[in-house]
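A short worksheet on the structure shown next.
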Amino acid sequence: LSSLKKFDEIKKANQAAAKKLVEDQLSSSSEDDDEDAEVKQGKILDKTFTIYTSQTDGDATELERTRQYMNEAFQSGAMTCLICIASVKRNQAVWSCCGCFCIFHLVCIQKWAKDSLFLVSSPLTDDDFGKKDYPWPCPKCRFEYKRSETPSRYYCYCGKVENPTVDPWLVPHSCGQICEREFKPSCGHKCLLLCHPGPCPPCPKMVTTSCHCKKAKPVPRRCSAKEWSCRLPCGRTLLCGQHACENPCHAGDCQPCPRVSKQRCICGRQTAERLCASPQWQCDQVCGKCLPCGNHTCEQVCHAGPCGDCPRSGKRSCPCGKTKFTLPCTEDVPTCGDSCDKVLECGIHKCSQRCHRGPCEICRQEVEKQCRCGKHTKRMPCHKPYLCETKCTKIRDCQKHQCRRKCCSGNCPPCDQACGRTLGCRNHKCPSGCHRGSCNPCPETVDVKCNCGKTVIKVPCGRERTIKPPKCKQLCSRPPTCHHSTQEKHYCHFGRCPPCRQPCQKTLMCGHLCPVSCHDEALVKQTGIHQSAGPWEQPSEPAFIQTALPCPPCKVPIPVECLGQHEVSLLPCHSAHPYSCKRFCGRLLDCQNHTCMKECHHVTKLNSSADGKKAGPECSQCEEECTKPRPAGCPHRCVLPCHPGDCPLCLQMLKIKCHCKLSLLYIECL
């Protein structure tokens, strides 16, 4: 049972590893270094734009902004969640803001919304909680969403399909259906692209519409640019009622009349040249007309209509307001002699002086005053404020710092310190005031460039450390590091250039050109540099150094004849010299009967006309006996060693008998 349990655990671990490997391969952050990926991406974009371009006769100029969003969806590391500063992969649930179209992980935006709502509602009392639907903002554009709009499920861009399947032949997180979202501003038509990230392009439909002034005949135009001007004079009557608008056909209300005319002020005393659009104006002269009382004049500045009654006529009150008098307008109202009794600035005590003109004095009564925080009391003049030196120890709304304000009333002000926490990008600090909860994402963007700097992509701040540089289609412009004048064409890159694979073409000592690949910067393994202290020390990886290797021996085939001139063979140029073919020499010796039995060797020609088959001084000497046939009846061998030509006559003395055997003779064998 324990073995089976262990086997099941290992099986589950392997299945999880295999699943993770498949997900990583399907992720948008995986690298597609081959050109097939770019071709595939182009086909997907063309398929997405097909219905739209069919309405515009192939014109795709209005699709550049949407194309940029879609390229970012395909590009490695371009789609980044600003909350967790991590790549957004194909198989992850996402949410897109309808204001800035920025894409976030679904779990990240749910946590963001929950934290934002908690921070807004936490200062509320139990009675107020839940009565108001507080919004939460987008982390990037601060577009506000209601509590009920908090995302809870994963939908495609157009919102039709929940949990769209991962399809390598569709835009990541797209359902592949027609978008059909309403255009903004609304025109009654719907988007014709396939489900896509980013804003919808302008409406491509054709409509018949008139110009702004309605004078020209209606013409067919694109719905997104249906408002147009015929450039004829507008002709509408302006607000002045005297002149007509002379501007070309335009949208909205006409501008104020730009003409100048002579106009009188409101009182009619002065005349000035003013814009026709502002006929009502005041001069700076006091009216000065005699009032009905006959004793005073009007003190109003340039006004219309009658001046009115004298302000000093009728019943008037004394300064304290307790007694009223009916006096001529030429006489001032006297004081009544009663106490003033007006409430002083302290709001508690009344003025104890007699009725008087002008403002009342400050309150000088001594009272028992309590400080603002309520911890201390002191007897002092009523008009003086009492603030103690006790510092408030309450925590401010940031829940981090104490108030530390002297004699605080308990209504502590918001924290005035800067947050200063390091943002998720780890490059900048939070510029906001001290606050609770997570800091807003870093709003900065960073340019990630290729090595030559001509290809640039913008990524959220903090992603520049993990994102791979963009692929540059410019050729590498570095000078060659080998002996060649130019290097092989390859694209812009970081690090060292790839090894030169051009033929070496250096002239060898034999005069031929070196045909092998360039070897000026060959990697050579270094061995024997580090001596291990003992068998317990782990062997280190061999070190490689870059060095120039000499040209290899020339291998151009050269026809070479063997020493004995028996054959001609093709030998490498570096070893092209006479050789022994290992055969017998075979040249005819001086005896004219035998051949040289030495191994193929060099033969010196004594003269230029010598026969190539004749033995030379280096050949062996014949030491055989003469084996030529003897004349008939001669039983003796030739006395000479092996020789050319006929053998000499045999001079050997023989003893022979006559026929009857009675006599003996000594004669030569011949």
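Quick notes
- Residues satisfying the stated conditions in the range 596-606, i.e. open to solvent by 60 Å² or more (accessible area, probe 1.4 Å) and in contact with a strand residue (DSSP E or B) (Cβ under 8 Å, 6 or more places away or on another chain): M597, K598, E599
- Residue check, Q487 at pLDDT 90 or above, out of contact with any Leu (no Cβ under 9 Å at 6 or more places or on another chain), within 30 Å of T455 (Cβ to Cβ) and in the same structural domain as V456 (by the TED database): no
- For P151: the one exception among (1) over 21 Å from Q55 (Cβ atoms); (2) open to solvent by 30 Å² or more (accessible area, probe 1.4 Å): (2)
- In the range 154-195, the residue that is least open to solvent (accessible area, probe 1.4 Å) out of those that are part of a loop (DSSP other than H, G, I, E, B) and among the basic types (K, R) is R181.
- Where a residue in the range 656-670 is in a loop (DSSP other than H, G, I, E, B) and its partner, wherever it lies, is open to solvent by 80 Å² or more (accessible area, probe 1.4 Å), with Cβ under 6 Å and at least six apart: C669/Q652; L670/L649
- Subset of the range 139-162 [within 21 Å of M70 (Cβ to Cβ) and either of a type outside the set (V, I, T) or touching a Pro at 6+ places or on another chain (Cβ under 6 Å) (or both)]: K140, C141, Y154, Y155, C156, Y157, C158, G159, K160
- Of the criteria (1) among the basic types (K, R); (2) over 30 Å from C310 (Cβ atoms); (3) surrounded by 13 or more Cβ atoms within 10 Å (Cβ to Cβ), which one K342 fails: (2)
- The requirement of being of a type in the set (A, V, I, L, M), in contact with an Asp or Glu (Cβ under 9 Å, 6 or more places away or on another chain) and not assigned by the TED database to the domain that holds G462 is fulfilled nowhere in the range 394-402; no residue meets it.
- The residue of the range 403-426 that is least open to solvent (accessible area, probe 1.4 Å), among those that are farther than 30 Å from Q365 by Cα, of a type outside the set (D, E, K, R) and over 39 Å from the mean Cα position of the chain (by Cα), is C403.
- Among the candidates P233, P201, P218, residue that is touching a Ser or Thr at 6+ places or on another chain (Cβ under 7 Å) and open to solvent by 70 Å² or more (accessible area, probe 1.4 Å): P218
- Residue within the range 506-524 that is of a type in the set (A, V, I, L, M), open to solvent by 70 Å² or more (accessible area, probe 1.4 Å) and assigned to a loop (DSSP other than H, G, I, E, B) present: yes
- Within the range 272-288, tally of residues that are loosely packed, with under 14 Cβ neighbours inside 10 Å and either farther than 15 Å from H303 by Cα or among the acidic types (D, E) (or both): 4
- Under the condition of being closer than 18 Å to A615 by Cβ and of a type in the set (F, W, Y), the residues counted in the range 553-583 number 0.
- The C-beta contact set for the range 260-289 (first residue farther than 17 Å from Q242 by Cβ, second residue open to solvent by 50 Å² or more (accessible area, probe 1.4 Å) and among the aliphatic types (A, V, I, L, M), distance under 6 angstrom, 6+ apart or interchain) comprises I266/A304; Q282/I266; V286/V301.
- Lone qualifier among K400, K429, K378 - being within 25 Å of K140 (Cβ to Cβ) and over 16 Å from the mean Cα position of the chain (by Cα): K429
- Residue satisfying all of: in the range 611-640; over 12 Å from H594 (Cβ atoms) and among the acidic types (D, E); modelled with the lowest pLDDT among these: D611
- Residue that is farthest from the chain's Cα centre (by Cα), among those in the range 223-282 that are of a type in the set (S, T, N, Q) and part of a strand (DSSP E or B): T271
- The range 419-471, subset assigned to a loop (DSSP other than H, G, I, E, B) and among the charged types (D, E, K, R), residue farthest from E72 (Cα to Cα): R436
- Any chance R372 is assigned to a loop (DSSP other than H, G, I, E, B), closer than 30 Å to G321 by Cβ and open to solvent by 90 Å² or more (accessible area, probe 1.4 Å): no
- Looking only at the range 546-570, and only at residues there that are among the β-branched types (V, I, T) and under 60 Å from the mean Cα position of the chain (by Cα), the one that is nearest to M509 (Cα to Cα): V556
- Selection within the range 76-108 - basic (K, R) and crowded, with 21+ Cβ neighbours inside 10 Å: R90
- One residue from C581, C626 being in contact with a Cys (Cβ under 7 Å, 6 or more places away or on another chain), hydrophobic (A, V, I, L, M, F, W, C) and more than 30 Å from L654 (Cβ to Cβ): C581
The values are calculated or read from the model by the stated rules, or taken from the named source; none is laboratory data. As the structure is a prediction and not an experimental result, all values here were calculated from the model. Backbone-built Cβ (ideal geometry, glycine too); neighbour counts: all protein chains shown. Ligands, DNA and RNA are stripped out before the accessible areas are found, and what is left, the full protein with its side chains, is counted by its heavy atoms. Shrake-Rupley method; radii C 1.70, N 1.55, O 1.52, S 1.80 Å.
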